[in-house]
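One structure below.
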Amino acid sequence: MQLIKPYIQIIDEPDIAKRIEIAARTCYKSEDKITDDSAMKMVKALINRGHDSPLEHSNIIVLTRTDKATVHMRELLTDYEREFGIPHYIRNCGSNNAHADYNDYVWSGNLRAWRNIAKRYYGDDIIQVLFSADSLFEDIFAKEPYLTYSAEELIDCPESDAIRVDCDPESRDRHKILTVRLVADRGILAEITRHRLFGISAESTRYCRYNSDNGVTYIEPWWFKTGTASDIARFKHILERNDNDYQAMDDFDYSSAQKSRAALNQTTKSEVVLTGTLEYWKNIVIPLRSSPAAHPDMVRVIKMIEKEME
């Protein structure tokens, strides 16, 4: 048995495939398999298996730079929601770009969202311009293109009408993302993953073994340093007993971590990678999870994230 303090890590990897790989390998604790050329292989394997959720740890920002392109993009997204009845998760807003003599309309979303749009409209001009040359979309555009719209409705979009950019300076909070690795206990993991607008990849108790050479790793609770000697002793005794229970389950059937997890304590160290916009972190998550009504252990880790954002 070992006790550690909770901690956070900001993941600021700019490469989309590498960022996705970092998040995806958290689920299986296979970070040791990361190499210089493993990221794209991992992303393509995720796509082939239909494991799309790690693709949400990414961000693609698009500018539509003419009224015609902006209206067309809005029509595509509205049509998608009407047809499938689910949100497309593409954010948008107008922006007065100080570096050019036109008003851009800004759209941003994760790779999963844009791939869903591209799958539905891969024969569309504006989608072809934006994504057909990207290796992360090559499986989609390997198809024989068909026309989603009639020839009269296609806008014949030149590359100058819609472009991809790193970040729009006028709309940073809405269109820029923050990815955080959070290491805390299972209780905090259960609470923080209720935020549905996050991209979430969590360490899996089905596939990960928690019994290292030092036993199971647990998180020190918020009261640990100020607790009485008897409270701390009782707490450690519970964890030691839990450690023995997990070991017994593991010895019983070493082939199945998902059986052994039944013995895990709520205090077990758990990792989760969370990706959301700065707007979502600042306006929703941090105020809610750092309020007096929040659990003290949640407040502790959220304050760490807030400090990193300053």
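Odds and ends about this structure:
- Solvent-accessible heavy-atom area per residue, rounded to whole Å², over region 195-310 at 1.4 Å: 55 Å²
- Semi-axis lengths, Å, region 1-138, gyration tensor of Cα atoms, sqrt of 5 times eigenvalues: 32, 18, 15
- With Cα atoms, 0 to 90° folded angle of helix 296-309 axis to the chain main axis: 40 degrees
- With bins 5 Å wide beginning at 0, the percent of Cα pairs of region 176-246 falling in each bin runs 3, 11, 18, 21, 18, 14, 9, 4, 1, 0.
- Simple spin-label estimate for D139 and R74 in nanometres, 7 Å along Cα-Cβ: 3.4 nm
- Nearest-20 debye value, the chain charge dipole, Cβ charges on Lys, Arg, Asp, Glu: 1360 debye
- Shown is the FRET efficiency for A233 and I4, computed with R0 = 22 Å from the Cβ-Cβ distance and rounded to the nearest 0.05: 0.70.
- Highest average first, the peptides 124-130, 296-302 ordered by how many other beta carbon atoms sit within 10 Å of their residues are 124-130, 296-302.
- Spacing of the two label points (7 Å from each Cα toward its C-beta) at C167 and K29, in nm: 3.3 nm
- If you look at the Cα atoms of the chain, you get an Rg and a Dmax of 22.9, 79 Å.
- Residue-normalised accessible area of region 1-118, given per residue in Å² at a 1.4 Å probe: 49 Å²
- Rounded percent of accessible protein surface that carbon and sulfur make up, the chain, 1.4 Å probe: 48 percent
- Under DSSP loop assignment and at most 11 Cβ neighbours within 10 Å, longest chymotrypsin sites (Phe, Trp or Tyr not before Pro)-free interval of the chain: 147-310
- Gyration tensor over alpha-carbon atoms, region 229-310, equivalent ellipsoid semi-axes in Å: 34, 19, 9
- If you wrap the tightest convex hull around every Cα atom of region 170-303 and split its volume per residue, you get 120 Å³.
The values are calculated or read from the model by the stated rules, or taken from the named source; none is laboratory data. Given the structure is predicted, the values throughout are model-derived calculations rather than measurements. For neighbour counting, all protein chains shown are included, and Cβ atoms are generated from backbone atoms with ideal geometry for every residue, glycine included. Protein only, heavy atoms only, side chains kept; ligands, DNA and RNA dropped before computing areas. Shrake-Rupley method; radii C 1.70, N 1.55, O 1.52, S 1.80 Å.
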